[in-house]
Amino acid sequence: MKRIFITGAAGFIGFHLAIAARRRGDFVVGLDLFNNYYSPELKRTRQKLLLKEGIEVVEGDICNTPLLKQLIQQQGITHVAHLAAQAGVRHSLTHPNDYVDANLQGFLSVLEACRSFPEIKLTYASSSSVYGLNKKIPFSVEDRTDEPTNLYGATKKANEMMAHAYHHLFGLPVTALRYFTVYGPWGRPDMAYYSFAQRIWEGKPIQLFNQGKMRRDFTYIDDIVKGTLAAIDLGAACEVFNLGNHRPVDLLYFVQVLENSLEKKADLEFLPMQPGEVVETFADIEKSQRLLNFQPSVTLEEGIPHFVEWFIKRNGARGEENRSDQMLNNHTKSLL
Ligand SMILES: NC(=O)c1ccc[n+]([C@@H]2O[C@H](COP(=O)([O-])OP(=O)(O)OC[C@H]3O[C@@H](n4cnc5c(N)ncnc54)[C@H](O)[C@@H]3O)[C@@H](O)[C@H]2O)c1
């Protein structure tokens with residue numbers, strides 16, 4: 001049994017990871033700032049549901065190193081899964097300091113806290129955004145990642161380098177997970193799959209950048225959770241893994257799958273490329289398959305209906321606690 005401290009536990013991935021770890025028998029405690037980058041109400045609902053699973057999510061800032069140390073010590077933590085961050089590409093163009101605070105200052109604080117406890121192993125969220133202008137497809141962990149296209153990607157790359165330095169200096173075991181466009185129930189309203197669903201549902205037009213000529217390696221949350229737990233279990237000395245579906249799809253095809261699931265037609269608005277975006281993401285997962293036995297199994301055609309089912313229930317069921325519980329039970333069954 002591991003004793004896992006999850007930062008960003010009221011976030012999308014942290015929430016699912018916490019439930020899966022708890023249900024397989026690990027002790028889990030979380031931390032989250034409940035900031036208003038997107039609906040704090042959604043984060044609070046996740047927190048309430050986690051409490052029902054026996055998981056406490058403490059309200060606090062990862063920049064507060066003494067708080068992190070206190071939690072690690074008091075709870076006898078053996079593994080830290082650091083998922084708290086300022087996410088999102090577009091927001092980084094207008095709010096660069098949010099990324100410096102959470103992703104640089106916050107990451108340093110997590111490293112400093114972990115460093116005080118020689119038995120701790122750190123697994124943390126990096127991102128496919130580190131690949132930036134990389135043209136080689138699929139993206140391999142061996143590829144160069146020194147040409148980010150936005151500050152978010154730059155901070156995630158900085159995290160990998162900071163972690164490497166702490167491993168080198170202090171022997172801290174560190175594992176970076178480069179997640180590729182994660183989607184699913186209880187997802188993030190700021191991400192395209194969610195905001196597209198919302199707008200199609202409300203009969204509003206959706207904007208497709210680069211005239212819709214983009215490809216994304218959409219990865220279902222259950223596969224991401226399995227890969228993350230495998231990385232925690234491996235507890236490598238210093239590694240970087242891609243966690244992606246390895247099956248990129250055209251944005252226009254993605255919209256069709258969403259339309260079919262919502263049973264509504266989308267009103268499409270074609271626009272030029274957005275600054276900071278990349279045309280394609282595609283994970284090379286050879287290393288993750290080999291060392292983590294990572295086998296993503298949920299196709300877009302299976303995963304999107306799961307998301308849409310949850311999305312429709314949530315939109316029709318805001319504030320109804322009992323239905324939220326029922327939704328949790330339905331949507332976490334697949335994690336077991
Ligand atoms: N979802 C994806 O597609 C994706 C892709 C690549 C990388 N990632 C990374 O995975 C991690 C989890 O992503 P997510 O999709 O669950 O995002 P999320 O925004 O839902 O979760 C992050 C959580 O961290 C919390 N947080 C932010 N700043 C904090 C601080 N200073 N102290 C404490 N908590 C703080 C937020 O309140 C939020 O609940 C992030 O590091 C993100 O950058 C996600």
Can you tell me the Rg and the Dmax, both Å, for the Cα atoms in segment 51-101? 14.3, 40
Straight distance only, please: which lysines reach the Cα of K204 with their own Cα at less than 27 Å, same-chain residues fewer than 8 apart left out? K43, K213, K264, K265, K313
How would you rank M1, M214, M162, going from fewest to most other Cβ atoms within 10 Å of each one's own Cβ? M1, M162, M214
For segment 159-267, listing GluC sites (Glu not before Pro) in a DSSP loop whose Cβ sees at most 14 other Cβ atoms within 10 Å gives E202, E263
Determine the calculated [θ] at 222 nm for the chain from helices alone, applying -39500 (n - 2.57) to every DSSP H run no shorter than 4 residues and normalising by the residue count; nearest 500 deg cm²/dmol. -13000 deg cm²/dmol
Once fully extended, how much extra length lies between N260 and E202, figured as 0.36 nm per residue of separation less the alpha-carbon to alpha-carbon distance? 19.4 nm
Set of aspartates and glutamates near K156 by C-alpha distance (under 16 Å), chain-local residues within fewer than 8 positions excluded: D98, D101, D143, D146, E147, E239, E277
To make sure I understand the rule: partners must be aspartates and glutamates, Cα under 13 Å from the Cα of K52, and not fewer than 8 residues away in the same chain. Which ones qualify? E321, D325
Can you tell me the convex hull volume per residue for the chain, based on C-alpha atoms, in Å³ to the nearest whole number? 119 Å³
With both partners inside segment 3-335, how many of the DSSP beta bridges are antiparallel, as a percent to the nearest 5? 5 percent
Can you give the Rg to Rh ratio of segment 1-143, both from alpha-carbon atoms, with Rh computed by the Kirkwood formula? 0.98
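We did not get these values from a lab; they are worked out from the coordinates using the rules stated. Computed from a predicted structure; not experimentally measured. Cβ sites come from the backbone with ideal geometry, for glycine too, and all protein chains shown count toward neighbours.
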